[in-house]
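Note sheet for the following structure.
The values are calculated or read from the model by the stated rules, or taken from the named source; none is laboratory data. Since the structure is predicted, the reported quantities are computational estimates derived from the model, not experimental observations. Please note: Cβ atoms are built from the backbone with ideal geometry, for glycine as well, and neighbour counts cover all protein chains shown.
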Amino acid sequence: MKAEKASGCRVTRSVHIQHNIAGLVLAGGKSSRMGSNKAFLPFRGIRLVDHMMRTLDFAGATSIWVSGWVPGHASIPDLKPGLGPLGGIDSALDQISGSESSLLIVIPVDMPLLLPEQIKKLYRPLLANKKQQAAYFDGHSLPAVFRINKRLRTELRLLLSERTDKSHRSVHELLRRMNASPIDGDFKCFLNANTPEDWQVILKKESS
């Protein structure tokens, strides 16, 4: 199967090697600062959520899921709404655990300049070293890659329990508990679109 690889913040065609890797697009947020559902913003002629799913495909994900509700896709609603990204990941694991995937790539729906090669850079160390549990880019909690195992589920449930301070319910804290090591990345491609102004900045970078 052919896929795309990075050239700056663009993508070009190449061939990727298949592994049992699940990909998850976090699209369950309220998009309140954007004023409309970010997942449906147009980008490169398609919806933003479709572009992010395509990015996961080009990065080598063998199964791709959407956290939230997106018509026409394998969407996974949060089992307990209001728990943020961790709630989306936890809900997705219930479905993904039934597959043969050994790794989980988690990306936000609002990072359209994220490159397939950057994602590969995250998960390759986990393929090479079975003891490594997670990886992320220095200064950015997402995207992230986790090894799907009992430890991940246990740490998620502990963070989401009522006994855990809500201020600790973050992907950053989950990565810390999984002893994840930060990786250097191409930060100019890690822009989030939280507001209409952010979106215009991304579109300008895309066209430059």
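So which of Val171, Val201 is aliphatic (A, V, I, L, M) and touching a Gly at 6+ places or on another chain (Cβ under 9 Å)?
Going through Val171, Val201 in turn, just one is aliphatic (A, V, I, L, M) and touching a Gly at 6+ places or on another chain (Cβ under 9 Å): Val171.
Could you check how many residues of region 189-204 are farther than 12 Å from His140 by Cα and modelled with pLDDT under 90?
Taking region 189-204 and keeping what is farther than 12 Å from His140 by Cα, we get 193-204.
Next cut, modelled with pLDDT under 90 only: 194.
Summing the residues that are farther than 12 Å from His140 by Cα and modelled with pLDDT under 90 in region 189-204 gives 1.
Suppose we keep only residues that are of a type in the set (Asp, Glu) and at pLDDT below 90 within region 161-183. Which one would you say is surrounded by the fewest Cβ atoms within 10 Å (Cβ to Cβ)?
Filtering region 161-183 down to residues of a type in the set (Asp, Glu) leaves 162, 165, 173.
Add one more test, that the residue is at pLDDT below 90, and what stays is 162, 165.
Details: Glu162: 5, Asp165: 8.
Top of the filtered list is Glu162.
Just one of the numbered conditions (1) small (Gly, Ala, Ser); (2) touching a residue at least 40 places away in the same chain (Cβ under 8 Å); (3) more than 21 Å from His51 (Cα to Cα) is not true of Ala92; which one?
Only one criterion is unmet by Ala92, namely (3).
Need pairs with beta-carbon distance below 7 Å; first residue under 23 Å from Asn20 (Cβ atoms) and within region 35-58, second surrounded by 19 or more Cβ atoms within 10 Å (Cβ to Cβ) and among the acidic types (Asp, Glu); sequence gap 6+ or separate chains.
Pairs found: Phe58/Glu4.
If you go through region 62-85 one residue at a time, how many are more than 14 Å from Gly23 (Cα to Cα), of a type outside the set (D, E, K, R) and surrounded by fewer than 18 Cβ atoms within 10 Å (Cβ to Cβ)?
Residues meeting the conditions: 8.
Which pairs have Cβ atoms under 7 Å, sit 6 or more apart or on different chains, and link a residue in region 124-136 that is within 18 Å of Arg177 (Cα to Cα) to one that is among the hydroxyl-bearing types (Ser, Thr, Tyr) and at pLDDT below 95?
Ala135/Ser181
Name the residue that is farthest from the chain's Cα centre (by Cα), counting only residues in region 32-61 that are in a loop (DSSP other than H, G, I, E, B) and surrounded by 17 or more Cβ atoms within 10 Å (Cβ to Cβ).
Filtering region 32-61 for residues that are in a loop (DSSP other than H, G, I, E, B) and surrounded by 17 or more Cβ atoms within 10 Å (Cβ to Cβ), the one farthest from the chain's Cα centre (by Cα) comes out as Met34.
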